[in-house]
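Undergrad: I'd like to ask some things about the structure below.
Bear in mind these aren't lab numbers, they're just calculated from the coordinates by the rules spelled out. Keep in mind that what you see is a predicted model, and the values were worked out from it rather than measured. With ideal geometry, Cβ positions are generated from the backbone for all residues, glycine too; neighbour counts draw on all protein chains shown.
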Amino acid sequence: MTEKSFRIFPSERMSVDFPWPIWAVGWLCIFKGIIWLAYEPNLPDNLVTFFGLKYLLQILPLIVFGIGIWNRRRWAVWGAAAICALNLILFFFTPQALSATVVKSEVVVWSILLSIITLVCNGPLGDLLVLIATPTVLKHTKEVK
């Protein structure tokens, strides 16, 4: 892949030799960017407005960063890490927002499964995973020439 080629779905990401951390973090960033469109948190109005604006501002950058990570771009890794660090800081200062990532259902298994998905894709667990994977993903971005 040349330095100037930037594809939405680079064909090399489906190769067996493609580093799985880059593949996984790219998908996680895309999921973090779009999950708010399909998720309706149970929060007070002022927090829903605050987090709605926060996610509205993050949708496009997270999708671009996810695609950039698949293209092994260093700027995309740093951008995703910055957004995830900011999200963790915001969750620290608004702990009641953590209740928005817990799905309440009459079926216990469904509640647990959906809560895990939202914790990873919309909550602090996914942000922490991206930050933990950042050094490994950065190591693989050096391969782009």
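Undergrad: As I understand it, the dipole of segment 18-139 uses +1 on the Cβ of Lys and Arg and -1 on the Cβ of Asp and Glu, about the Cα centre. Which of Ile69, Leu125, Asn87 lies farthest toward its positive end?
TA: Selected residue: Ile69.
Undergrad: How big is segment 18-139 on each of its three principal axes, counting only the C-alpha atoms and giving the largest first in Å?
TA: 42, 30, 23
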